[in-house]
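Input: a single structure, listed below in C-alpha cells.
The values are calculated or read from the model by the stated rules, or taken from the named source; none is laboratory data. Because the structure is a prediction, the values reported are computed rather than measured. Cβ sites come from the backbone with ideal geometry, for glycine too, and all protein chains shown count toward neighbours.
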Amino acid sequence: MENPLSYRDNVLHIEEVALDTVARRAGTPCYIYSANAILCRFRAYDKAFGDQAHKVCYSVKANGSLSLLALLATAGSGFDIVSGGELFRVLRAGGDRSSVVFSGVGKTAEEIEYALEREIHSFHCESESELFLIDALAARLGKRARVAVRINPDVDTATHPYISTGLRQHKFGIDIAGVEGVYERARAHRNLDLEGVSCHIGSQLLSSEPLLEALDHLLALVERLRAKGFPIRYLDLGGGLGVPYKPGEQAPSISDYIARMCSRVGGRGLTLMVEPGRSLVAEAGILLCRVLYRKRNGDKEFVIVDAAMNDLLRPSLYAAHHEILPVRRDDRRGTIQADVVGPVCETGDFLARDRQMANVLPGDLVAIAMAGAYGFVLSSNYNARPRAAEVLVAGKGWRIVRQRESYEDLVRGEVV
C-alpha cells in the first residue's frame, strides 16, 4: 500500500494532484483525502479473509465525512457506529443498514429506537441495563434485536492511556470473568437474539499480538456459550491496528493479522467482523495550511500557521506526532528547529514542538501528514474559528466535498 504523498519536481502531490493547486481554490486550512489510498486499505482487509465468512465494518468515528462513507459503502463496507448521528450519516451516504453495528457505552433510548426502526445488523451491548432497555424498546416497536455483549478481556496494550479500552479499570465492555452470567440472565429477554460476541481493546496498536490474545479469550468463551445453548454466529474483534505516525515506526501487516486471525477461527462456523478506522483513513489524509509568521522568543523559534488545535486536536490532546512537510521543497534553505503553532489563544495550541523541519517562510504551504483519522471529526469552533474545508482526490481529479464554514455558520441556530 503506497503512501499517496509524493514530491514531483519538488512540489508535494497527493495522488496526481499538486497541493498548491488545491490551496488556490479551496483555501487553507483544509483537509485533503486520497480516495485510492482508502479503497486500497479497505480491499487489503476484505481480500485477506479469503473464503472465511466476514464483514469489514468501517469505524465511522475515525472520519465521518459523507464522501468517505459513500466511497466505502460503494466498495461493500459495513459500518461501526457509536451514536444515532453516525447512523444518520451512514444512511445519508448510502450505507447498507443491515451491515451496521452499534457500539458505545452510553446509547440513549432515542438512539436505540432510531436504530431499531432502521433494522441495523446488531447492537454491541456494554451493560446489563442496556440489554434490558433494548429488549423493552424492541417489544414496544414489535421488533427483534440481534445483540452481542462487548467483552472486556483484561488484555493490556502498549498505547496511549486515553485510547486503551480493554482493561478492567476502563468504562468499556463487561468483565470476561462474569460475562457468562450476563448471557444466562439475558435469556429472559424475549426480544433479543443473543447471536454474537464482541470486543475492542484499544487503538493505535503497533503489534497485533494483544488483539490475537484477546481473540483466544473470546474463542474459548464462544465454545462455553455454545455448550450452554447460545447460538453464537458471529465474533467481532473490533479495530485497533495502528499506523506509522513517526519515522521508523512499523505498522502491523493487515494481511498477516487477518490470516493469523482466520487460522485460529477456521472450522468453527463463525462470521468474523473487524472494525478498522484509523488504519483505513489516517495515511490517506493531510491537513494543508499556510505559514502566517515566523517569531523568535529568546532561543525559541515559532512557526505560526493558519491551522490550530481546533482544526487538529491530536497533538494537544495526545501529544501525538504528525510529520510536517513543505509543499514546495527547497533543500537550499536548510532546516530549523521550531514549535509549529496556530492562532488559538492557548499555550496548548501546537501542532509540533521542538521539531526539526524545513526552513519554511511566511506564505509557504505545509502539509500535516497522517491527518485522515481523528482530524476533522475532532475539530471545533473554539475561538469562533470556522471549520476547515474538506477535499477528496481521485487520480488527477479532485473536488471540495465540504465547504469551509462561514461566520454565519458560527451562529446558525442561535438567538439573541
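Among the listed residues Ala62, Ala37, Ala23, which satisfies the condition of being out of contact with any helix residue (DSSP H, G or I) (no Cβ under 8 Å at 6 or more places or on another chain) and crowded, with 23+ Cβ neighbours inside 10 Å?
On inspection, the qualifying residue turns out to be Ala37.
Scanning region 51-70 for residues that are assigned to a strand (DSSP E or B) and more than 15 Å from the chain's Cα centre (by Cα), which turns out nearest to Leu313 (Cα to Cα)?
Lys55
In region 261-278, is there at least one residue being among the aliphatic types (A, V, I, L, M) and at pLDDT below 95?
Within region 261-278, one or more residues are among the aliphatic types (A, V, I, L, M) and at pLDDT below 95.
When only residues in region 343-360 that are in contact (Cβ under 8 Å) with a residue 40 or more places away in the chain and not hydrophobic (A, V, I, L, M, F, W, C) count, which is surrounded by the most Cβ atoms within 10 Å (Cβ to Cβ)?
Ranking the candidates gives Asp349 first.
Out of the residues in region 283-307 that are part of a loop (DSSP other than H, G, I, E, B) and touching a residue at least 60 places away in the same chain (Cβ under 8 Å), which is farthest from Val60 (Cα to Cα)?
Among residues in region 283-307 that are part of a loop (DSSP other than H, G, I, E, B) and touching a residue at least 60 places away in the same chain (Cβ under 8 Å), the one farthest from Val60 (Cα to Cα) is Asp306.
Return the only residue of Val17, Val101 being hydrophobic (A, V, I, L, M, F, W, C), at pLDDT 95 or above and over 30 Å from Ser406 (Cβ atoms).
Val101
Taking region 361-392 only, how many residues are crowded, with 22+ Cβ neighbours inside 10 Å, under 22 Å from Ser6 (Cβ atoms) and under 19 Å from the mean Cα position of the chain (by Cα)?
9
Please work out if Asp299 is surrounded by 13 or more Cβ atoms within 10 Å (Cβ to Cβ) and among the acidic types (Asp, Glu).
no
Identify the residue in region 215-254 that is of a type in the set (Ser, Thr, Tyr) and assigned to a loop (DSSP other than H, G, I, E, B) and, among all such residues, is farthest from the chain's Cα centre (by Cα).
Looking at residues that are of a type in the set (Ser, Thr, Tyr) and assigned to a loop (DSSP other than H, G, I, E, B), I get Ser253.
Results for (1) in contact with a Leu (Cβ under 7 Å, 6 or more places away or on another chain); (2) surrounded by 24 or more Cβ atoms within 10 Å (Cβ to Cβ), shown as yes or no for each residue.
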residue	(1), (2)
Arg260	yes, no
Gly285	no, yes
Tyr318	no, no
Arg332	no, no
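Can you pull out the strands (runs of 3 or more DSSP E) entirely within region 343-416 that have at least 3 residues that are modelled with pLDDT of 95 or more and polar (S, T, N, Q)?
Hits in region 343-416: none.
Okay, residues lined up against (1) farther than 23 Å from Gly178 by Cβ; (2) modelled with pLDDT under 95:
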{"position": "Ser83", "(1), (2)": "yes, no"}
{"position": "Gly95", "(1), (2)": "yes, no"}
{"position": "Leu116", "(1), (2)": "yes, no"}
{"position": "Phe123", "(1), (2)": "no, no"}
{"position": "Pro153", "(1), (2)": "no, yes"}
{"position": "Asp156", "(1), (2)": "no, yes"}
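Being of a type in the set (D, E, K, R) and either in a helix (DSSP H, G or I) or buried (at least 19 other Cβ atoms within 10 Å of the Cβ) (or both) is the filter here, so list the residues in region 117-145 that pass it.
If the condition is that a residue be of a type in the set (D, E, K, R) and either in a helix (DSSP H, G or I) or buried (at least 19 other Cβ atoms within 10 Å of the Cβ) (or both), then Glu117, Glu126, Glu128, Glu130, Asp135, Arg140 are the ones that fit.
Yes or no: region 93-112 includes at least one residue that is touching a Cys at 6+ places or on another chain (Cβ under 6 Å) and buried (at least 23 other Cβ atoms within 10 Å of the Cβ).
Yes; the residues of region 93-112 include at least one that is touching a Cys at 6+ places or on another chain (Cβ under 6 Å) and buried (at least 23 other Cβ atoms within 10 Å of the Cβ).
Which of the residues spanning region 191-220 are among the charged types (D, E, K, R) and either over 24 Å from Ile81 (Cβ atoms) or in contact with a Ser or Thr (Cβ under 8 Å, 6 or more places away or on another chain) (or both)?
Glu195, Glu209, Glu213, Asp216
Given (1) in contact (Cβ under 8 Å) with a residue 60 or more places away in the chain; (2) in a loop (DSSP other than H, G, I, E, B), where does Phe42 come up short, assuming only one miss?
(2)
Looking at Leu312, Leu280 in this structure, which one is aliphatic (A, V, I, L, M) and either without any contact (Cβ under 8 Å) to a residue 24 or more places away in the chain or assigned to a loop (DSSP other than H, G, I, E, B) (or both)?
Checking each option against the conditions leaves just Leu312.
Give region 92-106 a look and list any residue that's farther than 25 Å from His54 by Cβ, touching a residue at least 12 places away in the same chain (Cβ under 8 Å) and in a loop (DSSP other than H, G, I, E, B), or say none.
The answer is Val105, and nothing else.
When both residues are 6+ apart or on different chains and their Cβ atoms are under 8 Å apart, which pairs have a first residue that lies in region 222-244 and is acidic (Asp, Glu), and a second that is not in a strand (DSSP E or B)?
If the second residue must be not in a strand (DSSP E or B), the pairs left are Asp236/Glu275.
Within the set of pairs 6+ apart or on separate chains, which have a first residue in region 394-415 that is within 16 Å of Arg24 (Cβ to Cβ) and in contact (Cβ under 8 Å) with a residue 40 or more places away in the chain, a second that is polar (S, T, N, Q) and surrounded by 12 or more Cβ atoms within 10 Å (Cβ to Cβ), and C-beta atoms under 9 Å apart?
Short answer, once both residue conditions are applied: Trp398/Thr21.
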